[in-house]
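Please treat every number below as a calculation from the coordinates, not as lab data. Small disclaimer: the values here were computed from a predicted structure and weren't measured. As a convention, Cβ positions derive from the backbone with ideal geometry for all residues, glycine included, and neighbour counts pool all protein chains shown.
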Amino acid sequence: MKRHELTFGMLLLCCTWLTACTQEPDTSARHAPEYLPESTTQEQPTQADIANLHIVFDTDAVPAVTSLGTVPITMAGERQIMQDTEQNAAKLYSYFAQPIGYALSETVTEALYGHESLDFMTPEDAEKAALSAAAAHGIDTGSIGETTVYAMTAGAVNALAAQEDVTYQDGSPFVEWTQEEEAYLVHIAFACEGIPVAGYSLNTADGSVLEGMAATVILNKDGEVYFNAANQFAFGSTDAAKELITADAALQAVKDSIRHIRLKAPVSVTECRLQYLPQMEAGQYFLTPAWVFTFDTENEDGTHTYSLKIVDAYTGEISEL
């Protein structure tokens, strides 16, 4: 079975969507990221290259936060996974939910599924049911931030299956979904004092991987069929607030970091977010603020490469691999 390459870095994450790379729907098969998307090179940039960088995010939507403190955290629960039941295994709900668990989930999953209403339940009722399911699995509902409901329609799933040439592990062809298999995929993000907490994995200085904080629930006409929650953190008392660099300063740091790169295709900076990132230092877990920019590169074959630039909101530092 073909599968996308989903990659992670400490302060840089790249995700090329709809690019086949591995043979099984196995989330363990992840590889170290490349620094540059395919559409860039390190040749001497020209004025045309500079013109290829477009800042298109809504500046009015950038959080007006000038200071934040770090937040000590402790692990409140191990990773929990409720796999598909035997009855639902052939429908591959968990496989088609894979994009939602990562940093670019909103960008990627929005393009795949959208938010339409399904016949068996409204999106509003699906959100309520997903939050109830999360509480039943022991999730601290007081730390829940934004919840997003996606519609896994038969048309969208079958198109994705065809694009990825999906087969079962025994080699038999995928049986296309009908309206009977359609489901809602609900992404539950978390927040600390109103600041979103990153839901993706980061490599720590000691080489270990620290997972972010997020949950996924899939609901079909029969109820909950899949639940996945990354490590859950308990938040301590926030340390004294420190001044943050502005979003403009963070964006300038990003521009400076790629100034030597020749852009052979249009690159758009589509989003600017302020997030808390889980970190670990000297055996201690904590959250630290960062400005996160989403990049969208249009490739020659019409596909898009999505990537993140993450800037330390205290220092402006951008780590590169």
Got a sec to turn the phi values of region 291-305 into Karplus ³J(HN,Hα) couplings, 6.51 cos²θ - 1.76 cosθ + 1.60 with θ = phi - 60°, whole Hz, x for Gly and Pro?
-> 8, 10, 10, 9, 10, 10, 9, 8, 7, 4, 8, x, 7, 10, 9
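Between K128 and D222, what length in nm is gained on full extension when 0.36 nm per residue of separation is reduced by their alpha carbon distance? Please list the in-between numbers first.
Values: separation 94, 0.36 × 94 = 33.84 nm, distance 1.54 nm.
Extra length from K128 to D222 when fully extended: 32.3 nm.
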Between E281 and Q169, with labels modelled 7 Å along Cα→Cβ, what's the label distance in nm to one decimal, could you check?
-> 4.2 nm
Please sort 282-289, 213-220 by packing, taking for each peptide the average over its residues of neighbouring beta carbons within 10 angstrom, highest first.
-> 213-220, 282-289
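Order the peptides 61-74, 151-164, 176-189 from the highest to the lowest mean number of other Cβ atoms within 10 Å of their residues. Intermediate values should be presented prior to the final figure.
Values: 61-74: 15.3, 151-164: 17.1, 176-189: 20.1.
In decreasing order of mean packing, 61-74, 151-164, 176-189 become 176-189, 151-164, 61-74.
So if each residue of separation counts as 0.36 nm, and I subtract the Cα-Cα distance between Q252 and D58, what length gain in nm does that give?
Numbers: separation 194, 0.36 × 194 = 69.84 nm, distance 1.62 nm.
The Q252-D58 span can extend by a further 68.2 nm.
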Amide H contacts under 5 Å for M152, placed H, 5+ residues apart | A183, Y184, L185
Tell me which residues come under 5 Å, amide H to amide H, from C192 once H is placed; ignore anything under 5 positions away on its chain.
-> V197
Which of D256, D170, D296 has the fewest Cβ neighbours within 10 Å, and the rest in rising order | D170, D256, D296
What FRET efficiency do you get for S117 and I144 if R0 is 22 Å and r is their Cβ-Cβ distance, rounded to the nearest 0.05?
-> 0.45
Given H placed 1.01 Å from N in the peptide plane, which residues other than close sequence neighbours of Y285 have an amide H under 5 Å from its amide H?
-> I73
